[in-house]
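For reference, the structure is listed below as structure tokens.
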Amino acid sequence: MSLEKDIENNILNLEKKIGDCVDFVSRKIFFAHTEKYFYIAYFESLANEELIDRQVIESLSRSKIDKRKNLDIFLELKSRLLVTSGVQQTENFELILTMILSGETILFLDNCDQALIISTRKFPTRGIQNCQIESGVYGSKDAFCEVMRFNTALIRRRIRDINLKIKQVRLGTRTQTDVAIIFLSDIVHIEILNKIENKINDINLDSILDVGYLQEFFDSEQKSIFPRSQLTERPDKTASAILEGRVAILVDNSPFALILPATLSTFFQASEDYSERFWIMNFLRSLRYFAAVIATCLPGFFLAVINSRENFLPIKFLLKIEQERRNVAFRSSFVELISMLIAFELLSEAGVRLPNPIGGTIGIVGGIIVGQAAAEAGLVTPIVIIIMAITSIASFSIPNANFVSALRILKYLILIPAAFLGLSGFVLSVLILLTHLCSLESFGIPYLHPFVSGEINNFNDFEDSIFRVQIFNMKKPIFSNNFSKKNKN
Amino acid sequence: MTKIFNNSKISIRQFQIMIVIYLLSVSLIFIKKISYIDLLLCVCLSIFLICIFKNTKIKSKNLKRYLLLLFLIKIILAFYFQVRFLSNMFSRDQIFFLGLASIYLSTKSYETRARLSEILFFPFLIALLIIIIKSPNTKRMTIDFNYEIFPNILLFCGLDYLFMSQKLVKNFDINKILQAIFLATLIIIFFSTKAVSNHNFFQICLLISSSFYFLSLNFWFLLRFLDNSFSCDNLS
């Protein structure tokens, strides 16, 4: 639908569409010493009223307009009289509605079928704050916020390269959410970028309220609990990923960025890995991989070994376990272990939802009740509590919360076969897990790269996997489009 | 899925690793049943077959069909002998779960198998090394000819899989394959000089992994026959 030349019709159509909204503001304002007027409209909850008053209303109402044709007045408004930075013209009525709902101000003029869209957005925001989920000892502490423009600014501050491109689209038929696709045009894989853009353009939803909605679309090609894209709240991590040749996606109203593609090793990298000396970081990074193995396999391995007919553990240890088990109500160690693990899952979930002042208290109380009281009541053995505690602590050692969620489910899938089939069940379930991981790909890159198919990039990606070499010795990673070249990063 | 990294064929390095893991898996299962002479006969037969097929191009379509039929019979027989042999080591539930796990791997692509072999390669070798270090006793060399050699040859001479899947390998090079076979044979011969008990933790893990790998390879070829992925064109 296009605008009409008659301003009254345009006003009527606009006010009919908007309807009864208490925060909708509209005014007719006359130019100085003339009967000609202009009409502005905006939502006071979204627009910067001070800017509108000063730069639009005051500025235009004091302007003297000559008695010339309206088209000249329109051009004069656009190019000379309006002193704001962002001004665009349009005749598209749907665009006008979208922009006014985004916080812009609309200006109609009589006898003119074009409207001006003036940039006056101002949203209530909490500003840039510290990282809540991915905190660390070294490195920057700022995190993304809900305003996409602030987030793009945080990335631009870190990458001052003319090749840094930010493409913007609108998704969600009702929410009309702004989505930004950020990449370095000279190093990104064009095929991957095109595939991402095509996927985004194919999204047909009513609403996009968070970047997590998009993650489901990108991970939908292969069914798996493992994420094939990375969510992060850190601008430095996002900038680092873009510099590797990956693509970052930001969604308005979401304080997270989505990074594509992602392999298993990227989930074990923390941004502070490059802030500390590589000797220390190599130790910590290898500890994370070990923690992932513990978090997934320890409960299953424990059950497999104690239920096995063969005695793999020292006799004294076995006797101790047997002695403790005599005082326990449950006959099976499997029931003990699974009840403790589920109790801990409940505590974790409760801790996330509770308000900060009482969250910590509940954690301590829950730990005492679940741990000590359960052991004293004869419900579980102390060794099971220790296994559960080590498993839980190990899972929190991994930097990426999305990946940790997958491991939380995985440990039960390994625990159940180990409980019923012993060591065979444990080994076979680990083999099934490895098979599944080997079959996964993220935009054509094997998920377990560089541990498999490392020759694609001449094994250069081993330099930043379990161990990392010194920064000045690193080569280009596989995500970059000239990865086969042996240039230093 | 984007195939910009050209993952449709596996590399020759991955294929070498698959050969080594395959031969080690087979030998771990049969190591107590075959003597040195069996082992040497199998290796010589394999090398003999390689030398014959190295430069042979089968042009006759009927001959290709008969070979394909022989191959299918071999897979079914090998499957039967494997399950019969494994039933001596595992319970019914464990074999059922082993079968499910093997079927899961066999439904995946050849690339997945190659990647899994890469992942298992070093743990396999490390576990073997630990077993060898912990078993200092040396077996007496036996030269008895074992009449049960026929099923062993059927299973051990798995190099027919090699020729059937060469189209899935980039830059197929027979010399590199021979290198892999010799490496595996050396490891097996060294391993077979040790008297190993079945109660060792690493031995049991390796046995389970080997059975899984071995069974899944047979399933893989069987499934490809059933969905007509393997045809006369696979025989060069």
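Structural remarks
- With a cut-off of 9 Å between beta carbons, the residues surrounding A:V251 carry a summed charge of -3, where Lys and Arg count +1 and Asp and Glu -1.
- All other residues whose Cβ lies under 14 angstrom from that of B:Y104 are scored, Lys and Arg at +1 and Asp and Glu at -1, for a net of +3.
- The value of relative contact order for chain A, using C-alpha pairs under 8 Å at least six residues apart, is 13 percent.
- Entries in A:K165/A:K237; A:K167/B:K9; B:K64/B:K167 that, when Cα-Cα distance is taken, lie over 24 Å: A:K167/B:K9
- Across peptide A:184-193, the average count of Cβ atoms from other chains found within 10 Å of a residue's Cβ is 1.
- Taking packing as the residue-averaged number of other Cβ atoms within 10 angstrom, the listed peptides A:42-55, A:141-154 run from highest to lowest as A:141-154, A:42-55.
- Three-way shape label, the stretch A:7-118, alpha-carbon gyration tensor, a/c 1.5: prolate
- Once the C-beta distance of A:D113 and B:K167 is scaled by a Förster radius of 41 Å, the resulting FRET efficiency is 0.05 to the nearest 0.05.
- Phi-derived couplings, Karplus 6.51 cos²θ - 1.76 cosθ + 1.60 at θ = phi - 60°, listed residue by residue for the stretch A:178-188: 6, 10, 10, 10, 10, 6, 9, 5, 8, 10, 6 Hz, with x used for Gly and Pro.
- Each part reduced to its alpha carbon centroid, the stretch A:74-111 and the stretch A:420-467 end up 55 Å apart.
- A:T90/A:E44 FRET efficiency (R0 25 Å; Cβ-Cβ; nearest 0.05): 0.70
- At R0 = 22 Å, FRET efficiency that the Cβ-Cβ distance of A:V335 and A:F312 yields, to 0.05: 0.50
- Structure-based [θ]222 nm, chain A - -39500 (n - 2.57) summed over DSSP H runs of at least 4, per residue, nearest 500: -13000 deg cm²/dmol
- With semi-axes defined as the square roots of five times the eigenvalues of the C-alpha gyration tensor, the equivalent ellipsoid of the stretch A:148-262 measures 21, 16, 13 Å, largest first.
- Counting charges near A:N201 (Lys, Arg +1; Asp, Glu -1) among other residues having Cβ under 14 Å from its Cβ returns a value of +2.
Throughout, read-outs are computed from the coordinates displayed, never taken from laboratory work. Fair warning: this is a prediction, and the values are worked out from it, not measured in the lab. Backbone-built Cβ (ideal geometry, glycine too); neighbour counts: all protein chains shown.
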